[in-house]
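Engineer: First the structure, then my questions, so here it is.
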Amino acid sequence: MELSGRVIKEPFAQGSKSERAAVMLDTGESRYVLRREGGNPFADSILDQLVGQRIETDGNLTGYTFIMSKWKVLDDDPGMKKA
């Protein structure tokens, strides 16, 4: 499955045992908790570096979690053309 959107970090599962600041993908229509294939589900410094970036990613959706197998950072302005 392929998704694209902006990577954000915000509170997740407030009031539960799983409450945390989670790195998420905001597609404009939905938000999914991001996790790298084989990565730590609660703290991942590589995912933290993607916060604020627009990405395109391949992976699998499991409930509310998108497990990324690969990704690439996109231009910040979707209307911007390369010279």
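The values are calculated or read from the model by the stated rules, or taken from the named source; none is laboratory data. Since the model is a prediction, treat every value here as computed from it, not as a measurement. Glycine also receives a Cβ, built like all others from the backbone with ideal geometry; neighbour counts cover every protein chain displayed.
Engineer: Can you tell me which of (1) of a type in the set (G, A, S); (2) in contact with a Phe, Trp or Tyr (Cβ under 9 Å, 6 or more places away or on another chain); (3) assigned to a strand (DSSP E or B) is the one S4 doesn't meet?
Structural biologist: The failed condition is (2).
Engineer: On to the next question. Would you mind stating whether Q49 is part of a loop (DSSP other than H, G, I, E, B) and either surrounded by 11 or more Cβ atoms within 10 Å (Cβ to Cβ) or not β-branched (V, I, T) (or both)? Write out each step before concluding.
Structural biologist: Details: part of a loop (DSSP other than H, G, I, E, B): no; either surrounded by 11 or more Cβ atoms within 10 Å (Cβ to Cβ) or not β-branched (V, I, T) (or both): yes.
Spelling it out, it is not the case that Q49 is part of a loop (DSSP other than H, G, I, E, B) and either surrounded by 11 or more Cβ atoms within 10 Å (Cβ to Cβ) or not β-branched (V, I, T) (or both).
Engineer: Next up: Can you give me the number of residues within segment 11-30 that are over 19 Å from L61 (Cβ atoms) and either aliphatic (A, V, I, L, M) or within 11 Å of the chain's Cα centre (by Cα) (or both)? Let's see the steps before the verdict.
Structural biologist: At the first step, the residues of segment 11-30 found to be over 19 Å from L61 (Cβ atoms) are 11, 14-17, 19-21.
Now narrow it down to the ones that are either aliphatic (A, V, I, L, M) or within 11 Å of the chain's Cα centre (by Cα) (or both): 21.
Number satisfying all stated conditions: 1.
Engineer: Determine whether segment 20-35 contains at least one residue that is assigned to a strand (DSSP E or B), surrounded by 11 or more Cβ atoms within 10 Å (Cβ to Cβ) and of a type in the set (S, T, N, Q).
Structural biologist: no
Engineer: Same structure again: Give me the pairs: first residue in segment 62-75 and at negative phi, second residue of a type in the set (G, A, S), beta-carbon distance under 7 Å, and six or more apart or on different chains, which are they?
Structural biologist: Sorted first by the residue in segment 62-75, then by its partner, the pairs are F66/G59; I67/G59; M68/G59; S69/G59; L74/S4.
Engineer: OK, next. Check whether at least one residue in segment 45-56 is at pLDDT 95 or above, of a type in the set (V, I, T) and under 19 Å from M1 (Cβ atoms), and report yes or no.
Structural biologist: There is at least one residue in segment 45-56 that is at pLDDT 95 or above, of a type in the set (V, I, T) and under 19 Å from M1 (Cβ atoms).
Engineer: Is one or more of the residues making up segment 55-70 of a type in the set (D, E) and loosely packed, with under 11 Cβ neighbours inside 10 Å? Spell out the reasoning first.
Structural biologist: Within segment 55-70, the first condition is being of a type in the set (D, E), and the residues that meet it are 56, 58.
After this cut, where a residue has to be loosely packed, with under 11 Cβ neighbours inside 10 Å as well, the list is none.
No, segment 55-70 contains no residue that is of a type in the set (D, E) and loosely packed, with under 11 Cβ neighbours inside 10 Å.
Engineer: If the Cβ limit is 8 Å and pairs must be 6+ apart or interchain, which residue in segment 50-61 that is over 15 Å from D26 (Cβ atoms) and in contact (Cβ under 8 Å) with a residue 24 or more places away in the chain pairs with which residue that is among the aliphatic types (A, V, I, L, M) and not in a loop (DSSP other than H, G, I, E, B)?
Structural biologist: What qualifies is D58/M68; G59/L3; G59/I67; G59/M68; N60/I67.
Engineer: While we're here: Do you know which residues across segment 7-19 are modelled with pLDDT under 90 and either in a strand (DSSP E or B) or within 14 Å of I46 (Cα to Cα) (or both)? So that I can check it myself, show each step before the final result.
Structural biologist: First, pick out the residues of segment 7-19 that are modelled with pLDDT under 90: 11-19.
Those that are modelled with pLDDT under 90 and either in a strand (DSSP E or B) or within 14 Å of I46 (Cα to Cα) (or both): P11, F12.
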